[in-house]
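Structure record follows, encoded as C-alpha cells.
The values are calculated or read from the model by the stated rules, or taken from the named source; none is laboratory data. Source: prediction; values computed, not measured. All Cβ positions, even for glycine, are placed from backbone atoms using ideal geometry, and neighbour counts span all protein chains on display. Note: accessible area is taken over every heavy atom of the protein model, side chains too, but ligands, DNA and RNA are not part of it. Shrake-Rupley method; radii C 1.70, N 1.55, O 1.52, S 1.80 Å.
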Amino acid sequence: MEENSKIPVHVSIIMDGNGRWAKERGKERFYGHAEGVESVRACTEEAVRKGVRYLSLFAFSEENWSRPGEEVKSLMELMVKAMVNELPSFLKNGIRFIVIGNRERLDGGLNALIDDCMKKTENGRNLSLIVFMSYSGRWDILQAARRLALEAAAGTAGEQHIREMDADGFSRYLATSGIPDPDLIIRTSGEQRLSNYLLWQCAYSELYFTDVLWPDFREKEFDAALSEYAKRDRRYGKVK
Ligand code: IPE
Ligand code: IPE
Ligand code: MG
C-alpha cells in the first residue's frame with residue numbers, strides 16, 4: 001500500500017541526448033533517434049508494470065522545427081513508423097495514445113494517422129501514453145489565453161466567468177486539459193533545463209535529471225527515477 005502510494009500518477013520525460021549517443025558511436029544523428037524509439041517501448045512497458053497511469057514524452061518541440069530539414073523529416077518519418085508498428089501493442093495492452101501540440105504544423109498524412117491511432121486506442125484504460133509533438137509550454141499558454149479572449153469577445157465567456165476564473169478553470173483551456181499535472185519530470189542527457197516544456201503544468205512537479213542519454217534509458221533507469229521520486233517529500237508550500 002505504502003509502496004503504491006509513492007508511485008507517481010503521471011511521469012513525463014524530456015527525451016534528450018539522441019544525437020550525442022549516435023555521435024559517440026560515429027553514426028548519424030538519425031541512428032540515435034531510431035534507438036530512442038526502443039527506449040520509448042521499454043519505458044512504456046515498465047510504466048504499465050509499475051502502475052503509472054500517464055506517461056508523457058516530449059518528442060519534438062516547437063523550437064525543433066529550426067533543425068536541418070533532413071533531421072526534421074526523418075523525425076516525422078520515425079513517428080509515422082513507430083505509430084504503425086506500436087498500434088497492435090497499444091491495443092493489446094490497453095494503452096490510450098494521445099498526441100498534444102501545435103498540430104497545424106504537422107503534415108496532413110501524419111495528422112490523419114495520429115487521429116486514427118487516437119481513435120482506435122481511446123478505450124485504453126491501463127496507461128495513457130501522451131506524445132508531445134510540435135509542442136512548447138509558451139505556445140500552450142498562448143493558445144489558451146487566445147481562445148479565452150476570443151470567447152470573451154464573442155460573448156460565449158461572460159464577464160463573471162472570466163472574473164471568477166481560477167487556476168483549475170484556466171487549465172481547462174490548456175492543450176493538456178483533463179490530464180493531471182506531471183508528478184515527476186525526468187530529463188536525460190545531463191541537461192538541467194525545461195526547454196519550454198510544460199511551463200504551467202510543472203508548477204509542483206518533482207524534477208529528476210540524469211546523465212544517461214535517452215537511447216540508454218531503459219527499465220533499470222526508469223525504476224531508478226521512480227525510487228528517487230518515492231523518497232521526495234512533496235510539501236506544496238505547507239508545513240509538514
Ligand atoms: C532528443 O535528442 C530528441 C529531440 C529533441 C527530437 P537530441 O536530438 O536533442 O540529441 P542531442 O541533445 O543533440 O544529443
Ligand atoms: C528538448 O530537447 C526537446 C525535446 C526533447 C523534444 P532539445 O535538445 O531540443 O533542447 P535544448 O535545445 O538542448 O534546450
Ligand atoms: Mg538535445
Checklist entry - So which aspartates and glutamates can residue 73 reach, going by Cα to Cα under 19 Å and dropping same-chain residues fewer than 8 places off? => result 16, 28, 35, 62, 63, 104, 107
Checklist entry - Percent relative contact order of the chain, based on C-alpha pairs within less than 8 angstrom and at least six residues apart? => result 29
Next on the checklist: Against the 2.2 N^0.38 Å scaling, with N counting residues, where does segment 1-141 land? I'd like the Cα-based Rg ratio to two decimal places.
Outcome noted: 1.07
Item to check | Estimated [θ] at 222 nm from DSSP helical runs (n ≥ 4, -39500 (n - 2.57)) normalised by residues in the chain, nearest 500 | outcome: -14500 deg cm²/dmol
Item to check | Cross-link partners of residue 92 among lysines (Cα-Cα below 28 Å; sequence separation of 8 or more within a chain) | outcome: 6, 50, 81, 119, 120, 220
Item to check | Approximate shape of segment 1-75 as ellipsoid semi-axes (Cα gyration tensor, √5λ), whole Å, largest first | outcome: 30, 14, 9
Next on the checklist: Quick check: Cα centre of segment 193-231 to Cα centre of segment 135-168, how many Å?
Outcome noted: 30
Checklist outcome for this item: Taking N as the number of residues in segment 114-183, the ratio of its alpha carbon radius of gyration to 2.2 N^0.38 Å works out to 1.34
Checklist entry - Over segment 55-110, what per residue volume does the convex hull of the Cα atoms give, in whole Å³? => result 88
Next on the checklist: With a 1.4 Å probe and all protein chains left in place, how much accessible area per residue does segment 114-174 have, in Å²?
Outcome noted: 58
Item to check | residue 138-residue 92 FRET efficiency (beta carbon distance; Förster radius 45 Å; 0.05 resolution) | outcome: 0.75
Item to check | Cleavage-rule hits, trypsin sites (Lys or Arg not before Pro), segment 178-224, DSSP coil, Cβ neighbours within 10 Å at most 11 | outcome: 193
Checklist entry - If you take the beta carbon distance between residue 163 and residue 224 as r and set R0 to 41 Å, what does 1/(1 + (r/R0)^6) give as a FRET efficiency, to the nearest 0.05? => result 0.30
Checklist entry - What is the mean projected area of the alpha carbon convex hull for segment 114-240, to one decimal in square nanometres? => result 11.1
Next on the checklist: With the crude spin-label approximation of a point 7 Å out along Cα→Cβ, what separation in nm comes out for residue 153 versus residue 73?
Outcome noted: 3.8
Checklist outcome for this item: The correct pair for the chain, radius of gyration to one decimal and Dmax as a whole number, both in Å and from Cα atoms, is 18.4, 60
Checklist entry - Quick one: with all protein chains in place, what share of the accessible area of segment 97-148 is carbon or sulfur, to the nearest percent (1.4 Å probe)? => result 50
